[in-house]
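Novice: Handing you this structure, nothing more for now.
The values are calculated or read from the model by the stated rules, or taken from the named source; none is laboratory data. Model, not experiment: these values are computed from the prediction. Note: ideal-geometry Cβ built from the backbone for every residue, glycine included; neighbour counts use all protein chains shown.
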Amino acid sequence: MNPRLIKFLIIFTLVIGGFEVFARVNGKYFYALSDKVLLKAEILERSPETKVLFIGSSRFLDAIDHTVFSEVIAERTGNEFKSLNGATTGFDGARFAYFAEIAADSPQLTHVILEASSPSLQDGKLDFPDQKSVPEVPENERKEVFADIFETHLQDWLTQNIALVKYRKSLRPKVLLKLLVLFTADSIDPNFWMRKGIARNLFGSSEFDVAEDFIDNFKPDVITPTTITESPENLNPNHIYGNLENLSTIFSKNRNLTVIWVAPPVSKEKRKGNYSEKFTGFYQDIAFRFGSTFYDYAGLGMDEEFLRDPTHLNAKGRALFSTILADQLAGHFTAATPNSAEAAAD
Amino acid sequence: MLFNSITFVLFHLLFVALYWATKSIRVRQVLLLLSSVVFYGWYYWPALILLGVSMVVNYGFSRWIEVATEKKKVLTLAVVVNLCSLSWFKYSKFIADNVVAVLGQLGLELESPPMNDWLPLGISFYTFQIIGYLVDVSRGQVKAERNFLVFGVFKCFYAQLVAGPIVRAKDLIPQLKERHVFYSRDFQLGLYYLLAGLAIKVCIADTLAQFVNHGFGDPGALDTGTAWLTLYGFAFQILSDFWGYSTVAIGLGLMYGIELPLNFNLPYLASSIRDFWRRWHITLSEWLRDYVYIPLGGNRRWQNRNLFLTMLLGGLWHGASWNFVFWGAGHGLWLALERVSPTIFPKNRFFKWLKIFLVFNGVCLLWVFFRAGEEELRAAIAGNDNVNGLQVSLDYFRALFMPPFQQAGSPPETLMFILLGFLAFMFFLGKSLTDRRFLDWSMTRQVMLCVLLLFLIIAYADAQLDFIYFVF
């Protein structure tokens, strides 16, 4: 064998080996980079002064500017509440539950604001690097194709034992750039890079000019534990209700945390589909049983100039809604007691 | 076995190691045949029966043609047998459905008879390759191979069995009989081709596939801008998918010391449709030229008709769907028109790029038929006969050209960025693959590029999608 080829193979193997060691040593960061939810969880952990956490899907990601929210809260209450929009695209019930566990155990948080909408409450499946890729299929349902079984087990073995394979998604150029997001999260809004329309966000204006009475009339349906005396009758629970209940159970273990649910606004055409009696019944039941508060904006139609598409706000809509939301939630940030629905109602 | 699977990588490395561990040509030939058999039968071993029968029958035909006094008659019989086999597996349902439809129009209501719905992997490729070989034997251009082992490897060498390149006997058989010496530069280049081809497939083609599948899955929901971007996305998806496959095939061959022909040469830089077919799927174009176009009369007479018919057949070769007929006819018509049209553009750099732009867009528009046909084929393989490729094409053309030109929705910026990034990546890789400059680079650069390619493969290889040409 040619010495040049031997040298090539040795250097190639050494470089790969070096990266493998590097990935093992820095597994925490590679792990965080391999999924959007894990990245947000890592950003939260690296920011101990964050007190308010938003969790939800792309609707929340597009609807909340946490800087504007914190500024308005400070203006209204005189208290500093640093907030983080932890919403991500591709969010579902499973990811919600994962993040909820982290938020419920997080000692720094005083408030969590959760998205109460159908996308974020759909059932889903976590796909994190430390999860087994071999599906748990019952023996009698398993398709006995040797080639498939062999390949799946091979992939699984590599995923479990080779760090570069385990964290493979974090090796994608676009994902690697998020390392910058992680380390600059304190100075630049991490969501800036994760929302659709980066170019338009960069050059577009987020200044909004609306009449005072628009804000005054933009009032959500508010469901508080104090306004409900008993659970609604004829409730027909489904998976959305199941996820609401599951998440509420997770949060109920931390009595110091104020839990607020928000259904974000959509376009005038879409509001009917997003605003159903069924959801109101679910919200009332959960509010009654777990003492949380719901702010339902889904029944209010947003004008087109504030929307990126019928269910997502644009930069202008984000600035407007974050201001309105902070204004209307300010009551929760003045009272010292958790789950202070009475204070908010006042 | 899929090239983009770990099983395949291990399998290939094992057989390459065994191949170079022995010096006996006979043992190497056995290893190549054995590996090809394992490769082909890995997912569905009954497919080996058809391949084996085809191997034995065509071995017999080639020997018969060589000794026959009326070579043409034996050749015709051999070609008919091969085409019958291809037609049964690939076109019988299409023909039956169309006959039933025509009879239905004439008032004779019949039900489509139950036809074969299993398409053996690579049947179009290995049938064309063997027909070419039989024609070459009848023309006296190559001798019929007496060694069944060598013939078997020529017929089913796993590097190019499933989706080409379509290899000529005169190019491959002598290499199979040669006592190869391990040549480090070939091995290193083969490794680079393997990594580059896999990276092109899993990183570019499979990423674009997500957008393209979404767009062609529901063309009615696309706005004009998204429809055009999705179409460009498909143009680069099919290029990177097939080019990636061919590059891997060449790399695999090189690791055994066997040289396979180039199949692509930066086709979207073609400045005429003729030029495009000299750069796209080169081995199929050459096959069609030598075994269809020239026998039809070539440049001697009825040149336009010959061009049209050749491309029509080329279209139909891809799949049993009217979409592929229209796609082939479109290319045939364009080639014929280009031949008779006067040159209107002056020769300078600006007009050269303008021509490249026009050819690229023309090719893209014809891809609509192709992609819609693929949609129909994949649906049929999955047991859904309700997808009508022509209707999908029509809906797609409507999205491309009919108002409203902009509907509510966000422009797919991600797709735009991906396309731009991939263009740069493909241009860089394409140059290094066509002129083999990789070997002239410094060791550091070689290693860094291979590491980068390996990382890209690992990072993106979680979908494990089939190669597009597997359905043909």
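Novice: Can you tell me which residue among B:58, B:4, B:82 is in a helix (DSSP H, G or I) and under 29 Å from residue B:376 (Cβ atoms)? Explain how you work it out, then say what you get.
Specialist: Values: B:58 fails: under 29 Å from residue B:376 (Cβ atoms); B:4 fails: in a helix (DSSP H, G or I).
Sole residue among the options that is in a helix (DSSP H, G or I) and under 29 Å from residue B:376 (Cβ atoms): B:82.
Novice: Yes or no: the stretch A:13-31 includes at least one residue that is within 20 Å of residue A:94 (Cβ to Cβ) and either surrounded by fewer than 20 Cβ atoms within 10 Å (Cβ to Cβ) or in contact with a helix residue (DSSP H, G or I) (Cβ under 9 Å, 6 or more places away or on another chain) (or both).
Specialist: There is at least one residue in the stretch A:13-31 that is within 20 Å of residue A:94 (Cβ to Cβ) and either surrounded by fewer than 20 Cβ atoms within 10 Å (Cβ to Cβ) or in contact with a helix residue (DSSP H, G or I) (Cβ under 9 Å, 6 or more places away or on another chain) (or both).
Novice: Quick check on this structure: which one of A:308, A:318, A:255, A:271 is among the basic types (Lys, Arg), under 27 Å from residue B:221 (Cβ atoms) and out of contact with any helix residue (DSSP H, G or I) (no Cβ under 7 Å at 6 or more places or on another chain)?
Specialist: From the options A:308, A:318, A:255, A:271, the qualifying one is A:271.
Novice: Look at residue B:313 and say whether it is under 25 Å from the mean Cα position of the chain (by Cα), surrounded by 20 or more Cβ atoms within 10 Å (Cβ to Cβ) and within 26 Å of residue B:132 (Cβ to Cβ).
Specialist: no
Novice: Among B:369, B:405, B:397, which is the only one that is modelled with pLDDT of 85 or more and surrounded by fewer than 22 Cβ atoms within 10 Å (Cβ to Cβ)? Lay out the reasoning, then the answer.
Specialist: Numbers: B:369 fails: surrounded by fewer than 22 Cβ atoms within 10 Å (Cβ to Cβ); B:405 fails: modelled with pLDDT of 85 or more.
Sole residue among the options that is modelled with pLDDT of 85 or more and surrounded by fewer than 22 Cβ atoms within 10 Å (Cβ to Cβ): B:397.
Novice: Sticking with this structure for a sec: Being in contact with a helix residue (DSSP H, G or I) (Cβ under 6 Å, 6 or more places away or on another chain) and not in a helix (DSSP H, G or I) is the filter here; which residues of the stretch B:23-43 pass it?
Specialist: B:42, B:43
Okay, residues lined up against (1) within 14 Å of another protein chain (Cβ to nearest Cβ); (2) more than 21 Å from the chain's Cα centre (by Cα); (3) outside any loop (DSSP other than H, G, I, E, B); (4) not acidic (Asp, Glu):
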{"position": "B:164", "(1), (2), (3), (4)": "no, no, no, yes"}
{"position": "B:179", "(1), (2), (3), (4)": "no, yes, no, yes"}
{"position": "B:189", "(1), (2), (3), (4)": "yes, yes, yes, yes"}
{"position": "B:199", "(1), (2), (3), (4)": "yes, no, yes, yes"}
{"position": "B:213", "(1), (2), (3), (4)": "no, no, yes, yes"}
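Novice: Just checking, which of B:361, B:323 is assigned to a helix (DSSP H, G or I) and surrounded by 19 or more Cβ atoms within 10 Å (Cβ to Cβ)?
Specialist: After applying the criteria, what remains is B:323.
Novice: List the residue pairs whose Cβ atoms are under 8 Å apart, where the first residue sits in the stretch A:302-315 and is outside the structural domain of residue A:116 (by TED's automatic domain parsing), the second is surrounded by 17 or more Cβ atoms within 10 Å (Cβ to Cβ) and β-branched (Val, Ile, Thr), and the two are 6 or more positions apart or on different chains.
Specialist: none
Novice: Please specify each residue of the stretch A:240-284 satisfying the condition of being at pLDDT 85 or above and charged (D, E, K, R).
Specialist: Across the stretch A:240-284, the qualifying residue is only A:245.
Novice: Just to be sure before I move on: is residue B:269 surrounded by 22 or more Cβ atoms within 10 Å (Cβ to Cβ) and hydrophobic (A, V, I, L, M, F, W, C) in the structure I sent?
Specialist: So residue B:269 fails the test.
Novice: In addition: So, in the stretch A:215-234, exactly how many residues are among the hydrophobic types (A, V, I, L, M, F, W, C) and surrounded by fewer than 13 Cβ atoms within 10 Å (Cβ to Cβ)?
Specialist: 0
Novice: Still on this structure: When you check residue B:282 against the structure, is it within 22 Å of residue B:161 (Cβ to Cβ) and within 14 Å of the chain's Cα centre (by Cα), yes or no? Walk me through it before giving the result.
Specialist: Numbers: within 22 Å of residue B:161 (Cβ to Cβ): yes; within 14 Å of the chain's Cα centre (by Cα): yes.
So residue B:282 passes the test.
Novice: Considering (1) touching a helix residue (DSSP H, G or I) at 6+ places or on another chain (Cβ under 6 Å); (2) within 14 Å of chain A (Cβ to nearest Cβ); (3) of a type in the set (Val, Ile, Thr), say which one residue B:9 fails and leave the rest.
Specialist: Of everything listed in (1) touching a helix residue (DSSP H, G or I) at 6+ places or on another chain (Cβ under 6 Å); (2) within 14 Å of chain A (Cβ to nearest Cβ); (3) of a type in the set (Val, Ile, Thr), residue B:9 misses just condition (1).
Novice: Filtering the stretch A:160-210 down to residues that are at pLDDT below 70, assigned to a helix (DSSP H, G or I) and within 30 Å of residue B:451 (Cβ to Cβ), which residue is nearest to the other protein chains (Cβ to nearest Cβ)?
Specialist: A:198
Novice: Which condition does residue A:58 not pass, out of (1) small (Gly, Ala, Ser); (2) within 14 Å of chain B (Cβ to nearest Cβ); (3) surrounded by fewer than 18 Cβ atoms within 10 Å (Cβ to Cβ), if it passes all the others?
Specialist: (3)
Results for (1) surrounded by 15 or more Cβ atoms within 10 Å (Cβ to Cβ); (2) modelled with pLDDT under 85; (3) assigned by TED's automatic domain parsing to the domain that holds residue A:57, shown as yes or no for each residue.
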site: A:97; (1), (2), (3): yes, no, yes
site: A:103; (1), (2), (3): yes, no, yes
site: A:115; (1), (2), (3): yes, no, yes
site: A:120; (1), (2), (3): yes, yes, yes
site: A:123; (1), (2), (3): no, yes, yes
site: A:137; (1), (2), (3): no, yes, no
site: A:145; (1), (2), (3): no, yes, no
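Novice: Then there's this: Inspect all residues belonging to the stretch B:411-423 and state whether any of them is part of a loop (DSSP other than H, G, I, E, B) and either modelled with pLDDT of 75 or more or not assigned by TED's automatic domain parsing to the domain that holds residue B:126 (or both).
Specialist: Taking every residue of the stretch B:411-423 in turn, at least one turns out to be part of a loop (DSSP other than H, G, I, E, B) and either modelled with pLDDT of 75 or more or not assigned by TED's automatic domain parsing to the domain that holds residue B:126 (or both).
Novice: Considering only the stretch A:243-271, state which residues are of a type outside the set (A, V, I, L, M), surrounded by 14 or more Cβ atoms within 10 Å (Cβ to Cβ) and farther than 26 Å from residue A:304 by Cβ. Step through it out loud before you land on a result.
Specialist: Looking only at the stretch A:243-271, we keep the residues that are of a type outside the set (A, V, I, L, M), and these are A:243, A:245-246, A:248-249, A:251-256, A:258, A:261, A:264-265, A:267-271.
The next check asks that each one be surrounded by 14 or more Cβ atoms within 10 Å (Cβ to Cβ); those that pass are A:243, A:245-246, A:248-249, A:251-252, A:254, A:258, A:261, A:264-265, A:267-268, A:270-271.
Of everything in the stretch A:243-271, those that are of a type outside the set (A, V, I, L, M), surrounded by 14 or more Cβ atoms within 10 Å (Cβ to Cβ) and farther than 26 Å from residue A:304 by Cβ turn out to be A:243, A:245, A:246, A:248, A:249, A:251, A:252, A:254, A:258, A:261.
Novice: Same structure again: Looking at the stretch B:111-119, can you tell me whether even one residue there is surrounded by 15 or more Cβ atoms within 10 Å (Cβ to Cβ) and either in a loop (DSSP other than H, G, I, E, B) or within 26 Å of the chain's Cα centre (by Cα) (or both)?
Specialist: The answer is yes; a qualifying residue exists.
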